[in-house]
1. With (1) touching a helix residue (DSSP H, G or I) at 6+ places or on another chain (Cβ under 7 Å); (2) surrounded by fewer than 24 Cβ atoms within 10 Å (Cβ to Cβ); (3) not in a helix (DSSP H, G or I) as the list, and Val388 as the residue in question, which single condition is left unmet?
2. Scan the range 150-166 residue by residue and report those that are surrounded by 16 or more Cβ atoms within 10 Å (Cβ to Cβ), without any contact (Cβ under 8 Å) to a residue 40 or more places away in the chain and part of a helix (DSSP H, G or I).
3. Among the residues of the range 200-211, write down those that are open to solvent by 20 Å² or more (accessible area, probe 1.4 Å) and within 21 Å of Val253 (Cβ to Cβ).
4. Kindly list the number of the only condition in (1) closer than 25 Å to Arg149 by Cβ; (2) modelled with pLDDT of 95 or more that fails for Ile99.
5. Would you check if there is a residue in the range 354-367 being under 22 Å from Ala237 (Cβ atoms), open to solvent by less than 10 Å² (accessible area, probe 1.4 Å) and not in a strand (DSSP E or B)?
6. Which of (1) more than 16 Å from the ligand (Cβ to nearest atom); (2) at pLDDT 95 or above; (3) charged (D, E, K, R) does Arg225 not meet, given it meets every other one?
7. Taking the conditions exactly as written (modelled with pLDDT under 95 and farther than 22 Å from His93 by Cα), does His124 satisfy them or not?
8. Among what's in the range 320-337 and is within 13 Å of the ligand (Cβ to nearest atom) and outside any helix (DSSP H, G or I), pick the residue that is farthest from Asp251 (Cα to Cα).
Amino acid sequence: MPRSLTTTHPRKQPARQPQAAFATLLQEAIASHQAGDLDGAERLYGEVLQLQVAQPDALHFLGVLHHQRGRSEAGVELIRSAIKITPRHPDAHNNLGNIHKECGRLREAEACYRRALECGPTHHNALSNLAVVLEAQERPEEAFQAYTRLLRQAPQFAHGHYLLGRFLRQFAQNVGHIEQSAEHFRKACQLDGSNVRALQALGESLYLLGRQDEAVAVYRDWLAREPDNPVPRHMLAACGGSAVPARADDDYVRDVFDAFADSFDEQLLRNLDYRAPQVLTEALSRCLGAPAAALNILDAGCGTGLCAPLIRAHARRLVGVDLSGGMVEKARARGGYDELVVAELTAYLCAQPATYDVIVSADTLVYFGELRPVLSAAHAALRPGGRVGFTLEALEGDAECSELSASGRYRHTRACVQRVLDVAGFREVNISADTLRREAGRMVAGWVVVACRGVI
Ligand SMILES: C[S@@+](CC[C@H](N)C(=O)[O-])C[C@H]1O[C@@H](n2cnc3c(N)ncnc32)[C@H](O)[C@@H]1O
């Protein structure tokens, strides 16, 4: 999204000088772009480029827009054309880096951010992006240097404190790093009261440090200020400050994941060790045999669509369902689905009797404490002989129980999962232990579960 030009001008009369006309059109295009009207913006950038073929801002922002619409390579070409005309434009290098970053080309992204910083050494966004891609390339020392340089240059940059807090917790080697992360999250909240991710992260770090009372206080204060906000309500329960719900509230899931969708690139990059889609689809593929594009498959809690390329070869028809419209839009841009539905999972499954051959659900049932309703609905939504596969976070112990952890996600014991699947009527249950992602410097233990709906 263009950030450097924000002025909106009303449209001028039709008879205009080419120079004035393109400037006005460009402002209109940018205003439409910033307002999220991508169709209108694309048309207006096109008109600018008809009036002045190589107008660099129009090329640059149209490149960003192409990427937003899933045409990333066309976007790269347009921004490169803009850079040929104005080679020392830090925003253009930064945005080109963002496209490479979101397409997973971390080396290219790094080079672009470095170029942006040569052109504009105090470009905070380029510096924080550089730190993020260094972190994503598992170069923590260099990432740490970039974060510290950023905060030396811009000590009041709230997002920089948030990012450094995340980095310190992600790569924590001792309790001191978690303590420092809490301090940076606190600073980010002080500098920008609207930074809710920093507030949530502060509560999580305090809880990890065993400072449960302080974590509860963070969420209570937040809830007192915003009584209708489902996020502090859920997180208060997650650190023992109120009753635990049977599953995460729909509003909580929507709020959290709509926000997550916006920062998808960054979160994904920071979670290089996120393995749930891979380990789950591998486990399912072992049961399904060679891909024959013959199955009706549901990606339950599809998120941004990471499972689609991994399971697509088995699917005659692949449907994704998710509560978060923001995540579904990302999945749509990624492609690979025949249909995408924004809906609550249990309700959706209940309305699809005997429809699917396979239901795959990576890292989604972690938002369900009570698994029975959703797995019974999954059983009914499968055809006889169909299979369900899902991941969960593991809770140690022999009892049949689950708990809501400080992260806001539920964990379940193996016995609990086995029992719920038995009651729901599943057969051939296979529950294996694996690691799903890295959190606070450690790999999170999980269950990879595959089960079958009996033929009769
Ligand atoms: C951590 S993401 C995982 C997304 C994707 N499966 C993946 O592995 O990348 C969890 C997803 O589950 C969705 N979700 C959580 N609870 C849900 C519910 N009750 N109904 C539908 N979707 C839900 C969230 O919106 C989110 O997109």
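1. Result: Val388 passes all but (2).
2. Selection gives Leu150, Leu151, His159, Gly160, His161, Tyr162, Leu163, Leu164.
3. Gln200, Glu204, Tyr207 - these are the residues of the range 200-211 that are open to solvent by 20 Å² or more (accessible area, probe 1.4 Å) and within 21 Å of Val253 (Cβ to Cβ).
4. Answer for Ile99: the failing condition is (2).
5. Within the range 354-367 (the criterion being under 22 Å from Ala237 (Cβ atoms), open to solvent by less than 10 Å² (accessible area, probe 1.4 Å) and not in a strand (DSSP E or B)), the answer is yes, since at least one residue qualifies.
6. For Arg225, the failing item is (2).
7. No; evaluated as a whole, the condition is false for this residue.
8. The extreme case among them is Gly336.
The values are calculated or read from the model by the stated rules, or taken from the named source; none is laboratory data. Note that the coordinates shown come from a computational prediction; the quantities given were computed from them, not determined experimentally. Positions of Cβ are generated from backbone atoms using ideal geometry, with glycine treated the same way; all protein chains shown enter the neighbour counts. SASA here: full protein model, heavy atoms, side chains in, ligands and nucleic acids out. Shrake-Rupley method; radii C 1.70, N 1.55, O 1.52, S 1.80 Å.
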